[in-house]
Amino acid sequence: MVIGLKFNLEARDYTVIVACDGETGYQKALIEKPDLVILDIMLPILNGYEVCKRLKKDLPDLPVIMLTAKSQESEIVTVWS
């Protein structure tokens, strides 16, 4: 999925930074300060929920879009406070 998403965004002139696990993605976001993070929930090492929680603490104004292949509503809908 990441390759297709990266290809489509770059085709529209967006700069895309990819990480294949949550810890690496979190570290890259802190360093690169992106305009937007598109985050998979099911990441190895550090899952998407935890990455999002940490990013919102460290970069509270950073918009995050969560992607998932999960189907249970309770797994999809999470309120961040």
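Rule-based calculations on the coordinates, nothing more; no lab input. None of these values were measured; they are calculated from a predicted model. Cβ coordinates were reconstructed from backbone atoms using ideal geometry, including for glycine residues, and neighbour counts include every protein chain displayed.
Lysine pairs in the chain with Cα distance under 17 Å, only those 8 or more apart or on different chains: how many are there?
On the way: K6/K28; K28/K53; K28/K56; K28/K57; K33/K53; K33/K56; K33/K57.
Lysine pair count for the chain: 7.
What is the chain's relative contact order, in percent, from Cα pairs under 8 angstrom and six or more apart in sequence? Walk me through the numbers before you get to the answer.
On the way: 75 pairs, mean separation 20.7, N = 81.
In percent, rounded to a whole number, it is 26.
Please give me the summed charge of the neighbours of K33: other residues whose Cβ is under 13 Å from its Cβ, Lys and Arg +1, Asp and Glu -1.
Working: positive: K28; negative: E32, D35, D58, D61.
Taking every other residue near K33 into account, the sum is -3.
Extension gain L59-A11, at 0.36 nm per residue separation less the Cα-Cα distance, in nm? Working shown, then result.
Details: separation 48, 0.36 × 48 = 17.28 nm, distance 2.75 nm.
Stretched fully, the L59-A11 segment lengthens by 14.5 nm.
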Charge context of L46, other residues only, Cβ under 13 angstrom, K/R +1, D/E -1: -1
